[in-house]
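Enquirer: Sharing a structure below in structure tokens format, with a few things to ask.
Just so it is clear, none of the values below were taken in a lab; they were calculated from the coordinates. Predicted, not measured: the structure shown is a model, and the values here were computed from it. Positions of Cβ are backbone-derived with ideal geometry, glycine not excepted, and every protein chain shown enters the neighbour counts.
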Amino acid sequence: MNPDRFRYSTSGQVIRVGQGEAAYWAFVPAPLPPDLPADWELTRALSAADRGLSELSGLGRTMPNPHLLIGPFVRREAVLSSRIEGTQAGIADLYAYEAGQLPLPGIEAPPAADVQEVLNYVNALEYGLKRLETLPVSLRLMRELHERLLTGVRGHYATPGEFRRSQNWIGPPGCTLNEATYVPPPVPQMHEALAALETYLNDDDRYPPLLRLALVHYQFEAIHPFLDGNGRIGRLLISLLLVQWGLLPLPLLYLSAYFYRQRQDYYDLLLAVSERAAWRDWLLFFLRGVAEQAGDAAARAKRLQDLQQTWHDRLARARSSALLMRLVDALFHTPILTIPRAARLLDVTYPSAQRNMEKLVEAGILRLLGDAGHSKTYVAPEIMDAIGDQPMLGR
């Protein structure tokens with residue numbers, strides 16, 4: 001790491017670690033909060049982000065069944081946050097994997113390990129949301145999330161659930177410690193920085209919550225407390241803090257889609273805070289992402305809500321059974337499924353589930369992806385199109 005790029009930054013300090021040929025430079029971020037001067041452009045960006053978040057929050061409070069959207073939104077976030085780190089799995093792959101139907105008929109599948117990484121993200125986020133009922137975002141919760149994220153997948157060697165006990169670094173593949181672009185604080189200073197971050201998370205602060213959220217995300221990434229999974233845990237914490245701090249009643253906003261589309265800016269702006277205390281640029285980027293993704297989430301939520309209502313109306317006119325209505329609602333959580341899985345979801349026999357699945361095919365709600373006898377795979381393409389980041393296959 002080139003210390004000259006960080007030497008005059010007010011967001012932390014570079015320190016020399018070790019002696020002789022083994023010595024290296026590392027960056028130790030200063031405790032939050034920084035001193036931010038008044039800025040009208042930042043104020044406008046904050047206002048737009050707050051407005052978008054308030055509209056999304058209101059939608060979440062007024063929807064008849066907002067919990068219907070949590071599963072799809074969590075999975076979309078898991079796919080895109082993991083994709084930033086290099087996985088190739090899409091949302092259709094994830095749903096197919098959960099249904100035990102990967103690969104999908106006629107479609108090349110990504111590595112199963114990639115899909116398991118995404119599923120681990122889903123499990124970690126769902127666990128974190130439940131855990132908030134008894135434990136606020138804290139160092140303990142970070143470790144618990146990390147354990148669920150990395151157990152049994154790539155990075156399992158990186159002590160899942162434990163903060164690192166050795167130095168890590170960020171840079172081009174294969175680079176050495178001294179060739180790294182960025183070296184986080186050594187272990188002793190890392191623990192000090194984590195303790196200060198935990199204090200900041202649970203203290204009152206003069207800055208508005210969305211600015212605090214951006215500050216916390218930078219700080220976590222600058223500390224880089226795990227050997228692997230720091231980016232995913234840092235983005236996961238954004239979702240949890242939005243709920244913990246009362247900014248959203250439900251986890252409906254996810255920034256990974258925005259970070260993925262502009263991932264080079266995302267990395268560059270985080271690094272610029274460390275190198276030259278470029279807080280303003282990072283905060284503007286973050287707030288614009290909140291405003292953009294709040295609008296996107298509201299549009300997707302409304303589309304899914306309208307889709308559910310349309311299907312209910314269509315089936316009600318056909319005087320369909322309550323069981324069929326339950327199956328329609330289950331599709332929003334499991335839009336790719338088999339007859340055996342539908343039977344388990346509805347707690348009915350295989351023939352009963354088959355009849356109801358066929359009725360949804362006739363109604364244009366489900367589509368058969370492949371003919372494999374007992375393991376036929378069905379998909380609700382309109383749900384997948386509303387959730388996904390790519391057009392649904394089989395159209």
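Enquirer: What full-extension length gain, to one decimal in nm, is calculated for Glu358 and Thr199 as 0.36 nm per residue of separation minus the Cα-Cα distance? Show your work: numbers first, answer last.
Expert: Details: separation 159, 0.36 × 159 = 57.24 nm, distance 5.59 nm.
Residue separation times 0.36 nm, minus the Cα-Cα distance, leaves 51.6 nm.
Enquirer: Round to the nearest 10 and give me the degree value, 0 to 90, for the angle of helix 230-244's Cα axis relative to the longest principal axis of the chain.
Expert: Between helix and principal axis, roughly 70 degrees.
Enquirer: Which FRET efficiency value, to the nearest 0.05, is calculated for Trp245 and Arg7 with the Förster distance at 45 angstrom and r the Cβ-Cβ distance?
Expert: 0.80
Enquirer: Using the alpha-carbon centroid of each, what span in Å lies between the range 124-194 and the range 1-38?
Expert: 20
Enquirer: Of all GluC sites (Glu not before Pro) in the range 124-223, which ones are in loop regions per DSSP and have a Cβ with at most 11 other Cβ atoms within 10 Å?
Expert: Passing both the DSSP loop test and the Cβ count: Glu133.
Enquirer: Do any trypsin sites (Lys or Arg not before Pro) in the range 194-302 lie in a loop, going by DSSP, with at most 16 other beta-carbon atoms within 10 Å of their beta carbon, and if so which?
Expert: Within the range 194-302, the qualifying trypsin sites (Lys or Arg not before Pro) (loop, at most 16 other Cβ atoms within 10 Å) are Arg206.
Enquirer: Another one. Rounded to the nearest 0.05, what FRET efficiency do Asp385 and Ala330 have when you use their Cβ-Cβ distance and R0 = 22 Å?
Expert: Using R0 = 22 Å, I get an efficiency of 0.75.
Enquirer: Taking the structure as given and computing Kirkwood radius over Cα pairs in Å, which label from [x] 22.6; [y] 32.7; [z] 21.5 fits?
Expert: Recomputing Kirkwood radius over Cα pairs in Å here gives the entry labelled [x].
Enquirer: Let me have the 222 nm mean residue ellipticity of the chain computed from DSSP H runs of 4+ only, each contributing -39500 (n - 2.57), with the sum over all residues rounded to the nearest 500.
Expert: Numbers: 15 runs with 223 residues, N = 395.
For the chain, the value works out to -18500 deg cm²/dmol.
Enquirer: Rounded to the nearest whole Å³, what is the per residue volume of the convex hull around the Cα atoms of the range 318-387?
Expert: Spread over its residues, the Cα hull of the range 318-387 gives 81 Å³ apiece.
Enquirer: Place a label point 7 angstrom from the Cα of Thr181 along the Cα-to-Cβ direction, then list the residues of the range 268-312 whose backbone nitrogen is under 11 Å away.
Expert: Residues 268-272 fall inside that zone.
Enquirer: Tell me which trypsin sites (Lys or Arg not before Pro) from the range 319-369 have a DSSP coil assignment and no more than 10 other beta carbons within 10 Å of their own.
Expert: Those that pass, being in a loop and sparsely packed, are Arg319.
Enquirer: Sort 307-316, 68-77 for me by packing, meaning the mean count of neighbouring Cβ atoms within 10 Å per residue, highest on top.
Expert: 68-77, 307-316
Enquirer: Taking the chain as the reference, fit the longest principal axis to its C-alpha atoms, fit the long axis of helix 350-362 to the helix C-alpha atoms, and give the angle between the two in degrees, 0 to 90, nearest 10.
Expert: Once rounded, the angle reads 90 degrees.
Enquirer: How long is the gain from Leu139 to Arg261 if the chain were fully straight, where each residue apart is worth 0.36 nm and the alpha carbon distance is subtracted?
Expert: Here the segment from Leu139 to Arg261 would lengthen by 41.0 nm.
Enquirer: Give me the extension gain from Tyr127 to Asn65: residue separation times 0.36 nm, minus the current Cα-Cα distance, reported in nm with one decimal.
Expert: Full extension from Tyr127 to Asn65 adds 20.2 nm.
Enquirer: Roughly what angle does helix 67-84 make with the longest principal axis of the chain, taking Cα atoms, 0 to 90 degrees, to the nearest 10?
Expert: 50
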